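Take a look at the structure set out below.
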Amino acid sequence: MRTMIPSELRQDPDVRVSEEVLRTCVHCGFCNATCPTYLLTGNELEGPRGRIYLIKNVLEGTVPVTEQTVKHIDNCLGCLACETTCPSGVSYSHLLEEARPRLEHMYKRPLAERLLRLLLTYILPHPRRFRWALRLVPLGRLTAFLQPRSFKSLLQMAPKHVPMPAQLAKPGVIPAQGTRRLRVALLTGCAQQILGPQINDATVRLLTRLGVEVVIPPDMGCCGALTFHMGERPHSLQLMRRNIEVWHRELEHDGLDAIVLTTSGCGTAVKEYDHIFRNDSTLANKAKIVTGLVKDITEVIAELGLDKIQPIPNMRLAYHDACSLQHGQKVKNQPRQLLAEAGFEVVEIPEAHICCGSAGTYNMLRPEMAAQLQARKVAHIAQVQPQVIAAGNIGCMEQIAGGLDVPVVHTVELLDWATGGPKPAALP
Ligand code: SF4
Ligand code: SF4
């Protein structure tokens, strides 16, 4: 694709990355076939090719940044199905990553939208604030009639009960059982440790049982992904910087074989730290080292191998591919193989490459489109009649559980159960 970006803009290294991405695109449109928003709307501007043109036009200054322009980019889930499909290797994520904060600068959103985004930015990445916010939900429900529509859908999505904090996955060092095979840092996540503390507990049990020492640094925090994908750069970079320093300190102090993540949305973002900080003279090297250590939990377990599998009831299991895991990290086989090895009958969900509509904060910011994708996903899952659904991302788990009356659990909870841990509480 030919580009004519003004030379003063091309001084910006991020714009040069976008230019490179734009020039790789041959506008064949293959990507539209797997884009969820294009499938729902049939609108060219709601597909990757249309969005690529739109971003190109914004950079060239040939279209004004209007509500419509922003809407088409906002509607993008960032699911990266288009990247998987593209035969030319267009790095759409890098283009989107540069476009979002640019649009935030160029367009003033309506007040209710700005407030909602501010609320999400300052609450979601901070577990303590998030827990408090959830406690205030009943009060919010009582006063819902006074609030803007976008706030009401947020209240609808909030869980009825806030689980107790994790029992095992607490800051500190949790020693390996038997001979130590690995030493890893576990990112406990921000929203996940509040909404699904049992996931981190299952991870600690499983890893230590397999001979892994688990360290949870006390000053580690949110990976920054949730706000980064909203285009809120300064806040996200601050969170990312802190983690890079914390992990690097841990690496220098006692050594680390891996940084393990159980939330694939976060994993995809941390695997991009090297790209995000490539021009930062103080952090580029550290970010590169950190990125090289990041692994999804199923990648680590697949390398270690499951040990001493216990007999569990024969269950028909539908494995849901989180977009961040299948498109972002290209991790598809490990979870399936591990679950099958653990004794589950793993069945495939039709249209598995299409997003469930969760996508970080997407279901809170674009609830209508998210609801359509949720309905589409649960209808496909229902077709295969599973007894349990497994996924590797808390966002997907909540989204699917909100639309279907079948237990949804994290892959690691099932692997823990099959190797001697307790039965996941969500199972009957
Ligand atoms: S992103 Fe890839 S698949 Fe889509 S139009 Fe461009 S070259 Fe074709
Ligand atoms: S990231 Fe997903 S929603 Fe966005 S353009 Fe690509 S396929 Fe479509």
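The values are calculated or read from the model by the stated rules, or taken from the named source; none is laboratory data. Quick caveat, the model's predicted, so the values are computed rather than measured. Backbone-built Cβ (ideal geometry, glycine too); neighbour counts: all protein chains shown. Side chains are part of the model used for accessible areas, which takes the heavy atoms of the whole protein and leaves out ligands, DNA and RNA. Shrake-Rupley method; radii C 1.70, N 1.55, O 1.52, S 1.80 Å.
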Would a scan of segment 317-331 turn up a residue that is buried (at least 24 other Cβ atoms within 10 Å of the Cβ), of a type in the set (A, V, I, L, M, F, W, C) and farther than 24 Å from Lys295 by Cβ?
yes
Hits in segment 241-265 (condition: modelled with pLDDT of 95 or more, within 30 Å of Asp12 (Cα to Cα) and within 18 Å of the chain's Cα centre (by Cα))
Asn243
Checked pairs for segment 157-175, first modelled with pLDDT under 90, second surrounded by fewer than 14 Cβ atoms within 10 Å (Cβ to Cβ), C-beta under 8 Å and 6 or more apart or across chains, list as Val162/Arg135
If we ask which residues in segment 389-420 are surrounded by fewer than 19 Cβ atoms within 10 Å (Cβ to Cβ) and closer than 23 Å to Leu304 by Cβ, their number turns out to be 1
Please state which one of Gly265, Gly255, Gly224, Gly196 is touching a His at 6+ places or on another chain (Cβ under 9 Å), open to solvent by 10 Å² or more (accessible area, probe 1.4 Å) and small (Gly, Ala, Ser).
Gly265
If you go through segment 385-428 one residue at a time, how many are among the aliphatic types (A, V, I, L, M), in contact with a helix residue (DSSP H, G or I) (Cβ under 8 Å, 6 or more places away or on another chain) and outside any loop (DSSP other than H, G, I, E, B)?
11
Filter segment 87-108 down to the residues that are within 12 Å of ligand 1 (Cβ to nearest atom) and without any contact (Cβ under 8 Å) to a residue 60 or more places away in the chain, then identify the one that is farthest from Asn57 (Cα to Cα).
Pro87
Name the residues in segment 160-183 that are surrounded by fewer than 23 Cβ atoms within 10 Å (Cβ to Cβ) and either closer than 19 Å to Asp296 by Cα or of a type in the set (A, V, I, L, M) (or both), would you?
Val162, Met164, Ala166, Leu168, Val173, Ile174, Ala176, Arg181, Leu182, Arg183
Can you name the residue in segment 77-94 that is part of a helix (DSSP H, G or I) and within 10 Å of ligand 2 (Cβ to nearest atom) and is also surrounded by the most Cβ atoms within 10 Å (Cβ to Cβ) among such residues?
Cys82
Going by the structure shown, is Leu111 open to solvent by 60 Å² or more (accessible area, probe 1.4 Å) and either among the aromatic types (Phe, Trp, Tyr) or away from ligand 1 (no atom under 13 Å from the Cβ) (or both)?
yes
Count - residues of segment 8-36 that are of a type in the set (D, E, K, R), part of a loop (DSSP other than H, G, I, E, B) and surrounded by 13 or more Cβ atoms within 10 Å (Cβ to Cβ)
1
Could you say whether any residue in segment 127-146 is open to solvent by 10 Å² or more (accessible area, probe 1.4 Å), touching a Lys or Arg at 6+ places or on another chain (Cβ under 8 Å) and free of Cβ contacts under 8 Å to residues at least 60 places away in the same chain?
yes
Looking at the structure I just gave you, is Thr66 within 16 Å of ligand 2 (Cβ to nearest atom) and under 23 Å from Asp14 (Cα atoms)?
no
Exclusive hit being aliphatic (A, V, I, L, M), surrounded by 15 or more Cβ atoms within 10 Å (Cβ to Cβ), under 21 Å from Lys423 (Cα atoms) and in contact with a helix residue (DSSP H, G or I) (Cβ under 9 Å, 6 or more places away or on another chain), set Leu338, Leu293
Leu338
Failed condition for Leu103, given (1) within 17 Å of the chain's Cα centre (by Cα); (2) assigned to a helix (DSSP H, G or I); (3) within 16 Å of ligand 2 (Cβ to nearest atom), with all others met?
(1)
The residue that is farthest from ligand 2 (Cβ to nearest atom), considering only those in segment 35-53 that are within 24 Å of Glu20 (Cβ to Cβ) and of a type in the set (A, V, I, L, M, F, W, C), is Leu45
Does at least one position in segment 66-76 carry a residue that is on the phi < 0 side of the Ramachandran plot, within 11 Å of ligand 1 (Cβ to nearest atom), at pLDDT 95 or above and in a helix (DSSP H, G or I)?
no
Of all residues making up segment 25-55, the number that are away from ligand 1 (no atom under 11 Å from the Cβ) and over 23 Å from Ala352 (Cα atoms):
3
